[in-house]
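Here is the structure we will look at.
The values are calculated or read from the model by the stated rules, or taken from the named source; none is laboratory data. All values derive from a computational prediction rather than experimental measurement. Reconstructed Cβ throughout: ideal geometry from the backbone, glycine too, with neighbour counts over all protein chains shown. Surface accessibility is based on the protein's heavy atoms, side chains included, excluding ligands, DNA and RNA. Shrake-Rupley method; radii C 1.70, N 1.55, O 1.52, S 1.80 Å.
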Amino acid sequence: MVAGSGNKPIVIEGLFCTDEPVLVWADGERDRWAARAAALDHGREQEAWPLAVTSANRLSDLTPAQISWLIAKGPDGPARALIADPPMLRHRQRMDLGRVAVARFELDALPLALSEAGESADALGLLVLPFRAPEAANLVAGWLRHLGSARLWARLWLDRHAEAAARALIPAAVGRPGRARQNAGDALRYLTAIGQGPLIQKIAEGYGHGALAVAGALLGLEASPNEQLTLMPPSPSAANGQLTSTPSAGAAAEERLTLAAPGTGERESAASATNSTADGQLTHAGPAGSGLSPVAPGVVGGGRESATGGAGVRDAGAGGHSATSPPAVRRDPGVGGRASTVPPDGLYGPQPGRKGKAPHWARPEGLPPVRRADGGVFSAEETAALVGALSGARLADPPEPAPGDPDRSRPVVVESSAARQPLVAGLDEEARRLVAAGERAGLAVFGRALLDAWLAEGMPAAESWALVAQAHLGDDATMEQLGPLVRSWPAKSRYARAIDGFAVFATVGSDVALRHLLAIEANMSGGSTNERAVDYLTQAAARRGLSVTQLAGRLAITHGLDAGLAVDYGPRSFPVVVDEHLTAQVTGPGGRVLARPPKPGVKDTNAGAYQWFLQFKKDLRATAAAQTARLEREMHARRLRPARDLGGVLLPHPILGPIARRLLWGEYDTANRLVRALRVAEDGSLADVHDTTVIVGGDTPLGIVHPAELGDELAGWAQIIADYEILQPFPQLDRPVVALTGEQRAATALAGFGPVSPDAVEALMRGRWHGNGYETGTSTHTQLRRALPGGLALLAELDPGVPTSTYLTPAGEQRITEIWVDDAWSDHWQRERRIPLGAADPAALSESLAELYAVR
């Protein structure tokens with residue numbers, strides 16, 4: 001045992017759990033998992049596959065299709081042998097593959113389940129739910145802080161296997177500080193919060209009184225008040241790790257250790273030096289009134305090992321016991337229920353960003369003084385206290401409830417990046433008091449100085465509180481400084497800091513902060529960081545009662561055009577005007593419109609106004625291009641807004657108005673289907689294809705129409721746009737459209753075409769199309785895939801196929817043999833086509849087919 005000194009936690013080494021893995025199925029769970037074998041695709045079964053699997057030395061020797069066949073219905077013996085050392089699978093149906101393997105091979109599938117769950121906890125963590133094993137306990141303990149579905153899988157596992165979890169995790173919870181100890185503490189705190197405290201206490205006692213003391217202090221458990229633990233002097237029993245319990249009345253002088261409550265970092269401090277009694281005993285007392293004492297023979301203090309203590313304590317017959325283990329396979333109809341959706345306070349325990357000694361760059365002497373709200377400035381001591389308080393700034397605990405649903409045939413899985421993201425947590429009472437005492441503008445200056453010092457230090461991750469603290473200190477000037485910084489961090493692989501920046505913007509929620517967040521999201525090209533930015537925007541918009549689309553319209557900058565601008569030379573002034581194409585001009589003498597103002601003369605006192613106008617034109621063009629691109633993305637994504645926003649927000653806006661007037665809008669029903677298309681008439685009213693004025697309710701959903709939705713009305717609308725000489729801001733009605741006939745929409749496949757050059761195929765794969773050569777193990781792309789909304793994908797079959805590396809193996813002429821739609825989660829090996837093309841979103845399908853047909 002290592003008894004901590006100072007701020008070091010108490011450590012007990014040498015404890016371990018030797019429980020044998022067993023399976024505990026929820027009622028009907030195994031049957032549901034086994035039934036997914038029918039959904040596993042493997043394509044045409046080949047005669048050589050049985051020989052291939054019996055000859056394989058490892059699972060990676062087989063192709064992905066052979067692996068699917070092997071797990072679903074291959075020979076039992078080779079399958080059990082091969083999954084014992086699994087590689088990371090390349091299948092999209094990894095969830096089904098794993099569930100079928102666990103249902104069929106049970107305990108032999110534990111390595112596969114652990115490997116898959118460890119590689120992708122959110123997507124595949126539920127594979128370990130039936131396994132009651134120490135390895136599973138240690139794995140799921142690390143998921144309780146996840147934002148995605150892994151947090152739910154961890155709670156469900158702990159609910160089902162509470163006793164086994166406690167046996168497996170107590171050794172780590174009292175072991176050396178590190179990630180394993182923190183994770184085990186999280187899991188044990190969760191079990192305590194759901195009422196398993198007495199069970200944990202009983203199991204910890206089986207590991208020895210030292211483990212009981214440390215675990216009790218960690219979890220805030222109580223023990224018998226009339227018992228305390230004493231450390232005996234070296235003896236044969238002590239050398240073997242025996243602990244002796246004696247009544248507290250018989251204890252002599254004692255060393256008192258104050259153990260922190262759960263959530264404060266498992267810290268303890270010695271109130272006095274170690275004392276020896278007359279008979280040589282070292283006595284330790286636990287928290288007041290608890291009777292728990294973190295003691296053991298051997299090592300006391302500093303983490304050093306004594307000559308008599310050995311490597312640590314293992315209570316004889318306790319560490320690693322498995323006397324209460326269940327039989328090898330058990331079916332328990334009472335397990336598998338849903339975990340509590342909202343955990344009690346304090347579940348997550350210590351968080352990053354704990355208060356501690358301020359770094360050298362955050363010392364008061366190097367920072368500007370903080371002005372007090374009531375006059376004067378903070379003293380050096382108050383400034384140091386403020387820095388110390390701010391060092392606890394952090395993101396909030398994961399939002400509740402934990403997302404996901406394991407009980408469907410296709411479980412609902414939410415990746416952490418797509419889950420609801422945490423905002424910045426509120427300050428504690430002391431920090432709030434200090435911040436309230438400061439003057440707001442002065443605090444913002446102080447906060448920016450902290451930020452600059454942190455940046456100059458190289459952005460140390462352990463001190464990222466300096467960034468997060470801007471949510472409590474920052475003003476609009478701070479947000480303006482943060483904007484370009486946060487925007488640049490993903491490109492520099494500073495993803496975690498970028499996400500912290502998103503949280504700061506969303507928490508502050510000012511117009512300036514959210515404009516920066518909107519601009520960052522608009523310029524990202526997808527991926528998990530982009531998903532997090534979208535969620536932060538969604539939360540910030542919801543706090544204003546808006547959607548992101550509505551928020552973007554309201555925060556679109558005007559460059560001052562709504563108030564009126566002029567090029568003011570002093571003696572002369574030229575009003576600025578903007579045409580319908582958002583080209584800035586000026587009005588000269590006599591009302592004549594000029595492309596630019598005359599250059600300043602010798603009598604003009606403000607010659608810089610000329611350069612201001614040239615920069616203004618450039619800024620206006622950039623803003624118009626950004627807003628046009630945003631509205632085009634809204635068309636592709638079919639983002640809707642209430643009709644009142646069109647007339648109340650967009651049309652009056654000096655930049656959005658000229659763009660919106662030149663687009664074709666549509667009224668949509670509750671299923672997001674187009675009801676009718678509408679244009680904005682000259683007087684701001686809405687007109688249909690017959691040029692009849694239409695009145696729509698203020699709550700009616702409106703969106704920008706994709707031409708694929710217009711059907712037979714496309715030609716009529718194109719003629720109207722031409723008759724009114726409307727130059728659309730982006731290709732809307734004149735973009736390439738592939739409109740399917742009724743017969744084609746009902747079909748499950750379209751005919752292919754050819755020949756197609758390999759260069760054209762590679763050009764598709766540099767865009768939004770993906771080949772399958774890296775997934776099949778053949779190093780040849782024989783299929784192209786493009787994602788569609790609604791969980792679908794468009795597939796194009798290639799013959800003979802394009803090599804994944806054409807540098808070594810040049811590709812020949814290709815032919816697209818078939819075009820079809822499938823579920824995005826499938827591996828797309830099945831020969832049967834099940835989904836009609838009409839099930840796909842018509843706009844997204846048109847865009848995809850237009851790209852594909854362009855290579856003909």
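Enter the accessible area per residue of region 174-214 (Å², integer; probe 1.4 Å; all protein chains in place).
That works out to 35 Å² per residue.
Just the Cα atoms of region 482-599, one point each, no solvent: what log10 I(q)/I(0) does Debye give at q = 0.16 Å⁻¹?
-0.77
Roughly how many Å² is the accessible area per residue of region 17-161, as a whole number, for a 1.4 Å probe?
Each residue of region 17-161 exposes 33 Å² on average to a 1.4 Å probe.
Averaged over every viewing direction, what's the projected area of the C-alpha convex hull for region 571-727? Give it in nm², one decimal, please.
If you wrap the Cα atoms of region 571-727 in a convex hull and average its projections, you get 11.0 nm².
Not counting ligands, DNA or RNA, and with a 1.4 Å probe, what is Trp489's accessible surface area in Å² rounded to the nearest 10?
Probe radius 1.4 Å; accessible area of Trp489 about 10 Å².
How would Glu725, Glu47, Glu632 line up by accessible area, probe 1.4 Å, largest first?
The ordering from most to least exposed comes out as Glu47, Glu725, Glu632.
Find the centroid of the Cα atoms in region 383-447 and in region 63-114, then give the distance between the two in whole Å.
Cα centroid of region 383-447 versus Cα centroid of region 63-114: 41 Å apart.
For region 1-124, count all C-alpha to C-alpha pairs, find those more than 16 Å apart, and express that count as a whole percent of the total.
The proportion of pairs with Cα distances above 16 Å equals 66 percent.
For Asp397, Asp822, Asp535, give me the order by solvent-accessible area with a 1.4 Å probe, most accessible first, ignoring ligands, DNA and RNA.
Asp397, Asp535, Asp822
Among 580-586, 618-624, how do they line up from the highest to the lowest mean number of other beta-carbon atoms within 10 Å?
Those peptides, ordered most packed to least, come out 580-586, 618-624.
Which value, in debye to the nearest 20, gives the size of the charge dipole of region 634-681 about its Cα centre, when Lys and Arg are +1 and Asp and Glu are -1 at the Cβ?
Around 100 debye, computed over region 634-681.
Put +1 on the Cβ of every Lys and Arg and -1 on every Asp and Glu Cβ in region 83-163; which of Leu112, Ala136, Leu158 then has its Cα farthest towards the positive end of the dipole?
Farthest along the dipole direction, towards plus: Leu158.
At a probe size of 1.4 Å, how large is the accessible area of His209, to the nearest 10 Å²?
Around 40 Å² of this residue is reachable by solvent.
Loop only by DSSP, 11 or fewer other Cβ within 10 Å of the Cβ. Give me the chymotrypsin sites (Phe, Trp or Tyr not before Pro) in region 458-512 that pass, ordered by residue number.
none
List the extent of the Cα atoms of region 579-666 along each of their three principal axes, largest first, rounded to whole Å.
Sorted from largest, the Cα extents of region 579-666 read 55, 24, 17 Å.
Sort Arg32, Arg420, Arg94 by accessible area with a 1.4 Å probe, largest first. List each step's numbers first, then the result.
On the way: Arg32 110, Arg420 135, Arg94 35 Å².
Descending order: Arg420, Arg32, Arg94.
Once the whole set of protein chains is in place, how much accessible area is left on Phe105, using a 1.4 Å probe, in Å² to the nearest 10?
Its accessible surface works out to 0 Å², give or take rounding.
Give the relative contact order (percent, whole number) for region 1-139; include only Cα pairs under 8 Å separated by 6+ residues.
RCO, region 1-139: 28 percent.
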